[in-house]
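Structure record follows, encoded as structure tokens.
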Amino acid sequence: MTKGRITAALAAAALGITLGASAAMAAPLCTDFGFAGLLAKCNKAELPPITLSAGKPLAEAPLALQSGAYYEIEIIADGTQELAITGPEFFRAIWMDEIVINDIEVRPMAIDSLEFDDEGTAEFSFIAIKPGRYELRIPGSTGESQRVQITIQ
């Protein structure tokens, strides 16, 4: 086993990932982290917003994330209806840095859902951790447009 493969195996073990012969290794967005580590500017990406609006789709397309990369996403409610978004499996597969609402920064240990009683914006900052397929959805809805599929590679 090469030194790089050993390092990757140790990092994967720390995250609870197993490396098989056919396992695809997901890499962060950059390799020169410097002192900032995973929070380095080169490892950040901004995702398209998720929109909460009566009768409109949450997102234009599914989201594909890279394990180890830092992301920011806005969830925007237009106030047409009191709506929530839930995704406990997804929220447990990421490390949440902060949620910003009206310039107030919240650093939660865990989150299951977020509800908007009126129009507003919440910005989530997080690091994708656990590879898999997840979804964020409007609770109680069954329509395909009322959910967004998220894959962490």
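What the table below lists for this structure:
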| read-out | value |
| --- | --- |
| Of all residues in the stretch 81-125 being polar (S, T, N, Q) and more than 19 Å from Glu135 (Cβ to Cβ), the one that is surrounded by the most Cβ atoms within 10 Å (Cβ to Cβ) | Ser125 |
| Filter result (assigned to a strand (DSSP E or B) and out of contact with any Ser or Thr (no Cβ under 7 Å at 6 or more places or on another chain)) within the stretch 120-135 | Gly120, Thr121, Ala122, Glu123, Phe124, Ser125, Phe126, Ile127, Gly132, Tyr134, Glu135 |
| Residue among Ala36, Ala40, Ala77 that alone is closer than 22 Å to Ile99 by Cα and modelled with pLDDT of 90 or more | Ala77 |
| Residue selected from the stretch 43-72 under the condition among the charged types (D, E, K, R) and more than 14 Å from the chain's Cα centre (by Cα), by the criterion farthest from Ile127 (Cα to Cα) | Lys56 |
| Selection within the stretch 81-98 - in a strand (DSSP E or B) and more than 12 Å from the chain's Cα centre (by Cα) | Leu83, Ala84, Ile85, Thr86 |
| Long-range neighbours under 6 Å by Cβ, at least six apart or interchain, first residue in contact (Cβ under 8 Å) with a residue 40 or more places away in the chain within the stretch 125-146, second in a helix (DSSP H, G or I) and among the aliphatic types (A, V, I, L, M) | Ile127/Leu38 |
| Flag for Arg133 being under 10 Å from the mean Cα position of the chain (by Cα), of a type in the set (D, E, K, R) and modelled with pLDDT of 95 or more | no |
| Top-ranked residue in the stretch 142-153 [being out of contact with any Phe, Trp or Tyr (no Cβ under 6 Å at 6 or more places or on another chain) and surrounded by 13 or more Cβ atoms within 10 Å (Cβ to Cβ); ranked as farthest from Ala84 (Cα to Cα)] | Gln153 |
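This table checks each residue for (1) in contact (Cβ under 8 Å) with a residue 40 or more places away in the chain; (2) in a loop (DSSP other than H, G, I, E, B); (3) not basic (Lys, Arg).
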position: Ala64; (1), (2), (3): yes, no, yes
position: Ser67; (1), (2), (3): yes, yes, yes
position: Ile73; (1), (2), (3): yes, no, yes
position: Gly79; (1), (2), (3): yes, yes, yes
position: Val100; (1), (2), (3): no, no, yes
position: Pro108; (1), (2), (3): no, yes, yes
position: Ile111; (1), (2), (3): no, yes, yes
position: Glu115; (1), (2), (3): no, no, yes
position: Asp118; (1), (2), (3): yes, yes, yes
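The values are calculated or read from the model by the stated rules, or taken from the named source; none is laboratory data. None of these values were measured; they are calculated from a predicted model. Don't worry about glycine lacking a Cβ; one is built from the backbone with ideal geometry, like all the others, and counts go over all protein chains shown.
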